[in-house]
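The structure appears right after this line, and notes come after that.
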Amino acid sequence: MNTFFSELGRTILDRWKRENFSLAKFPELARAALEESPPATKVQLAALMRDFLLDEEQPLQTDSDFGEPEIVVYRHPRFYIQLLFWMDGTTAIHQHEFSGAFHVMHGSSIHAHYDFDKPRSVTPYLRVGNLKMKDMQLLETGRTVPIVSGQQTIHSLFHLDSPSVTVVVRTQHDPGTGPQLNYLPPHVAFDPHFSDTLTIRRKQLLDVLEQTEDAGYVALLMEMIADLDFERGFSILYHCRGYLQQLDQWKPVIRAFVKKHGALAGGVEATLKEDARRTFIRSLRSTITEPEHRFFLALLMNAPTRDDVLMLVKQRFPKEAPVDTVLRWVTELADVSDEGIAILDATFPTAPEVESESQFDLILSALDHFMKRGKKLPAVMRNLTATEVEELRATFAGSALGVLTP
Ligand SMILES: [Fe+2]
């Protein structure tokens, strides 16, 4: 049993009891206790891990699959303290059915807060609305943030270091604040714990048809979309989008969905497109491990505009102009070969009118030019036609780097 967390738990218990276990008081109370006695400076991670592995006397653990892993270090019937380890993981945009506070004990994270405007419940498990980012900040080791249950705290974390460890002081469960929704920007919220077993099995059966390359797949899917309600139709679209795109059949299927559900379906195509972009960036985290590059990925995935990206870059790397920092990362991440240049998912075939040693210079200058919204083309781009310049811009705009080149 870790003495530090036992004492922290005891302190919080004594103070909260004096407040008659008021739910409204808990987030600030948890935050104050973590700030007075910050685990980031008071706990040795290696010693804590050793204790957890060797000492039999540990609080009852959960079977949660949140965290990589989650370990419980203090437990009381009203609240508990958990440590969340994160290796590759990043959280979905989510809200909570509990309240308390979290503290960055090891590593650092990008943290974003959101509002969900004009929510409309389609079913108890699915809502549509407008998700808007309120703020985005860099949380360095030692920072503490309160969590209020329900829609007041809609947030996401993108962990920059591996492992990142957060300490969460949390209530067991705040009645009436569920479900614990996940958000798909910009327009959909859903309950990830809702288990619609018929739809799960139907998706698995569609996977069978996909894997056997069944010729009737698209026609059958169109029939399903024409017949299903909004919630289950959305779930099927979410599942099948990648394969439909491979088949070049996404457009007719999404059109059929919009035709059936009208205005309610207005934000679905943009939401699923944004989800594909985020999924791709998230997948890069397994191969890109350099903390600066992971920071860059976090910004590309989460920051809503170019100005937000540059502001956060400046905040973390104040000694260099933020555009230069971004160009340095792009240079480090680029893959230059005889066939052309690839930067993340943006591919640029070799430009015949540009000398081979200037090919990368051209791409980098173009990105610099688009990022700065320059009026005058840089010298290396002046031989390009207006169409070629627009094609370059469109390649950046349609890629993971798109937020930089609006
Ligand atoms: Fe959270």
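Readers should treat all values here as calculations from the given coordinates under stated rules, not as data from a laboratory. In this text the structure is predicted, and so the values were computed from the model without any measurement. Every residue, glycine as well, gets a Cβ built from its backbone with ideal geometry; the counts of neighbours run over all protein chains shown.
Under 8 Å by Cβ, and 6 or more places apart or on different chains, what pairs join a residue from the stretch 83-99 that is without any contact (Cβ under 8 Å) to a residue 24 or more places away in the chain and acidic (Asp, Glu) with one that is in a loop (DSSP other than H, G, I, E, B) and more than 11 Å from the ligand (Cβ to nearest atom)?
Filtered contacts from the stretch 83-99: no entries.
Does at least one position in the stretch 187-195 carry a residue that is charged (D, E, K, R), away from the ligand (no atom under 16 Å from the Cβ) and farther than 19 Å from LEU23 by Cβ?
Within the stretch 187-195, none of the residues are charged (D, E, K, R), away from the ligand (no atom under 16 Å from the Cβ) and farther than 19 Å from LEU23 by Cβ.
Determine the pairs where a residue that is on the phi > 0 side of the Ramachandran plot and surrounded by 23 or more Cβ atoms within 10 Å (Cβ to Cβ), located within the stretch 100-111, has a partner that is assigned to a strand (DSSP E or B) and polar (S, T, N, Q) with Cβ atoms under 8 Å apart, the partner being 6 or more residues away or on another chain.
Between residues of the stretch 100-111 that are on the phi > 0 side of the Ramachandran plot and surrounded by 23 or more Cβ atoms within 10 Å (Cβ to Cβ) and residues that are assigned to a strand (DSSP E or B) and polar (S, T, N, Q), the close pairs are GLY100/THR171.
Can you pull out every residue in the stretch 186-218 that is touching a residue at least 24 places away in the same chain (Cβ under 8 Å) and of a type in the set (D, E, K, R)?
Residues satisfying the conditions are ASP191, ASP196, ARG202, LYS203, GLU210.
If you take the residues of the stretch 309-343 that are in a helix (DSSP H, G or I) and hydroxyl-bearing (Ser, Thr, Tyr), which of them is surrounded by the most Cβ atoms within 10 Å (Cβ to Cβ)?
Going through the qualifying residues, I end up with THR325.
Just checking, does the stretch 168-185 include any residue being free of Cβ contacts under 8 Å to residues at least 60 places away in the same chain and of a type outside the set (Ser, Thr, Tyr)?
yes
Could we say that ASP161 is within 23 Å of ALA265 (Cα to Cα) and among the acidic types (Asp, Glu) here?
no
When the stretch 134-145 is examined, which residues are found to be within 19 Å of ASN182 (Cα to Cα) and not acidic (Asp, Glu)?
LYS134, MET136, listed by residue number.
When you scan the stretch 281-304, how many residues do you find that are more than 17 Å from SER156 (Cα to Cα) and touching a residue at least 60 places away in the same chain (Cβ under 8 Å)?
4
For the stretch 219-233, does any single residue satisfy the condition of being touching a residue at least 60 places away in the same chain (Cβ under 8 Å), in contact with a strand residue (DSSP E or B) (Cβ under 7 Å, 6 or more places away or on another chain), under 30 Å from MET301 (Cα atoms) and among the charged types (D, E, K, R)?
yes
Name the single residue that is farthest from the chain's Cα centre (by Cα) among those in the stretch 130-147 being assigned to a strand (DSSP E or B) and surrounded by fewer than 19 Cβ atoms within 10 Å (Cβ to Cβ).
ASN130
Which pairs do you get when a residue that is assigned to a loop (DSSP other than H, G, I, E, B), found in the stretch 52-65, comes within reach of a residue that is of a type outside the set (A, V, I, L, M), reach meaning Cβ atoms under 7 angstrom, with the pair 6+ apart or on two chains?
GLN58/PHE52; PRO59/TYR74; PRO59/ARG75; LEU60/ARG75; THR62/GLU70; SER64/GLU70
Quick check, is SER156 within 16 Å of the ligand (Cβ to nearest atom) and either crowded, with 19+ Cβ neighbours inside 10 Å or under 18 Å from the mean Cα position of the chain (by Cα) (or both)?
Yes, satisfied.
Does at least one position in the stretch 71-79 carry a residue that is within 15 Å of the ligand (Cβ to nearest atom) and within 30 Å of GLU292 (Cβ to Cβ)?
no
Give the number of residues within the stretch 88-118 that are charged (D, E, K, R) and within 16 Å of the ligand (Cβ to nearest atom).
Count: 2.
Residue check: is THR171 surrounded by 20 or more Cβ atoms within 10 Å (Cβ to Cβ), closer than 23 Å to PHE295 by Cβ, more than 12 Å from the ligand (Cβ to nearest atom) and of a type outside the set (A, V, I, L, M, F, W, C)?
No.
Looking at (1) in contact (Cβ under 8 Å) with a residue 60 or more places away in the chain; (2) buried (at least 17 other Cβ atoms within 10 Å of the Cβ), can you tell me which one ASP275 breaks?
Result: ASP275 passes all but (2).
Tally up the residues in the stretch 10-57 that are under 19 Å from SER99 (Cβ atoms) and either aliphatic (A, V, I, L, M) or out of contact with any helix residue (DSSP H, G or I) (no Cβ under 9 Å at 6 or more places or on another chain) (or both), please.
18
Could you tell me whether any residue of the stretch 119-127 is more than 16 Å from the ligand (Cβ to nearest atom), within 23 Å of SER235 (Cα to Cα), not charged (D, E, K, R) and not in a strand (DSSP E or B)?
Yes; the residues of the stretch 119-127 include at least one that is more than 16 Å from the ligand (Cβ to nearest atom), within 23 Å of SER235 (Cα to Cα), not charged (D, E, K, R) and not in a strand (DSSP E or B).
Do you know which residues across the stretch 270-325 are within 19 Å of LYS134 (Cβ to Cβ) and of a type in the set (Lys, Arg)?
Of everything in the stretch 270-325, those that are within 19 Å of LYS134 (Cβ to Cβ) and of a type in the set (Lys, Arg) turn out to be ARG278, ARG306.
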